[in-house]
Amino acid sequence: MDRIGSEVERALAHSGSRDALPLTAITSVWPTAVGETVARQAWPLRIGRDGTLHIATTSATWAFELDRLSAEILDRLAARLADRAPQKLKFGIGPVPEPGPLAEGAPAASRKTPTPTREEAALADAAAAAIDDPDLRELVSRAARASLARARSGRHF
C-alpha cells in the first residue's frame, strides 16, 4: 500500500508547484532531523522566494534558541535531504502541530489520543447535561472530554 505522502508528491509534481515538493521532503524528515522535543516546539511552515525555510515555533524563546542552532539544524537537514535542503532558516512564533501518526521518528506513545480520567469525564458530562438534544449532548460531552484530557497531557493540537 502506497503512503499518502507519495501520492501527494506525485500530484504536486504534475501541478508544477515549485515549493511544495521541497517542503514535503523537509516535513517528512523534520522530526528525525531535529528530534521529537524540538519537533513538538517548531515546525516547517513555508519556503520563501529566496529559498529560506520559515519555521513556526511555540514561543519567542524557542525561536531565539533554535536560531542560535541554525547551522546545526541546516547540517542535519542537508545530511537527510542533500540538494533539497534549505540554505537558510528563519524562526518565528506560529502554529506547531502535534506529530502525526505518519511522522517519521515519532514514537507510538506520542501518537496516542489522551484518555480522559473519570473526573474529566464527569466534568464533561456535567457541562453537557443542560443540552436537550441527546445527539448534541453526546457530541459536546465527547468534545469536552477530549479537550480536558488534551489539556492535561500538554498537547496543543
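Every read-out reported here was derived from the displayed coordinates using simple, explicitly stated rules and does not represent laboratory data. Fair warning: this is a prediction, and the values are worked out from it, not measured in the lab. Please note: Cβ atoms are built from the backbone with ideal geometry, for glycine as well, and neighbour counts cover all protein chains shown.
Would you tally the net charge around residue 119, using a Cβ to Cβ cut-off of less than 14 Å, leaving residue 119 out, and scoring K and R as +1, D and E as -1? Walk me through the intermediate numbers first.
Details: positive: 118, 145, 152; negative: 120, 125.
Cβ neighbours under 14 Å give a net charge of +1.
Along Cα→Cβ, 7 Å out, is where each label goes; now give me the distance between the ones at residue 125 and residue 93 in nm to one decimal.
Roughly 4.0 nm, to one decimal.
How compact is segment 26-66 by the rule of thumb for globular proteins, expressed as Cα Rg over 2.2 N^0.38 Å?
Relative to the rule-of-thumb radius for its length, segment 26-66 sits at 1.14.
Once phi is turned into ³J(HN,Hα) by the Karplus curve 6.51 cos²θ - 1.76 cosθ + 1.60 with θ = phi - 60°, what whole-Hz value does each residue of segment 34-42 show in order, with x for glycine and proline?
Couplings: 9, x, 4, 4, 5, 4, 6, 10, 8 Hz.
With θ set to phi - 60°, apply the Karplus curve 6.51 cos²θ - 1.76 cosθ + 1.60 along segment 74-85 and write out the HN-Hα couplings as whole Hz, x wherever there is a Gly or Pro.
Once rounded to whole Hz, the list reads 4, 4, 5, 5, 5, 5, 9, 10, 6, 6, 8, 6.
How far, in nm, would the chain grow between residue 67 and residue 152 when pulled straight, counting 0.36 nm per residue and subtracting the alpha carbon separation?
Numbers: separation 85, 0.36 × 85 = 30.60 nm, distance 2.97 nm.
27.6 nm is the gain from fully extending residue 67 to residue 152.
Taking amide H atoms as placed 1.01 Å from N in the peptide plane, list the residues 5 or more away in sequence, or in a different chain, whose amide H sits under 5 Å from that of residue 91.
Result for residue 91 returns 55.
What list of ³J(HN,Hα) couplings, whole Hz, do you get for segment 117-125 from phi and the Karplus terms 6.51, -1.76, 1.60, once you set θ to phi - 60° and write x for glycine and proline?
Here the 3J(HN,Hα) series is 6, 4, 5, 5, 5, 5, 5, 5, 4 Hz.
Quick one: net charge around residue 129, please, counting Lys, Arg +1 and Asp, Glu -1 for every other residue with C-beta under 13 Å from its C-beta.
-3
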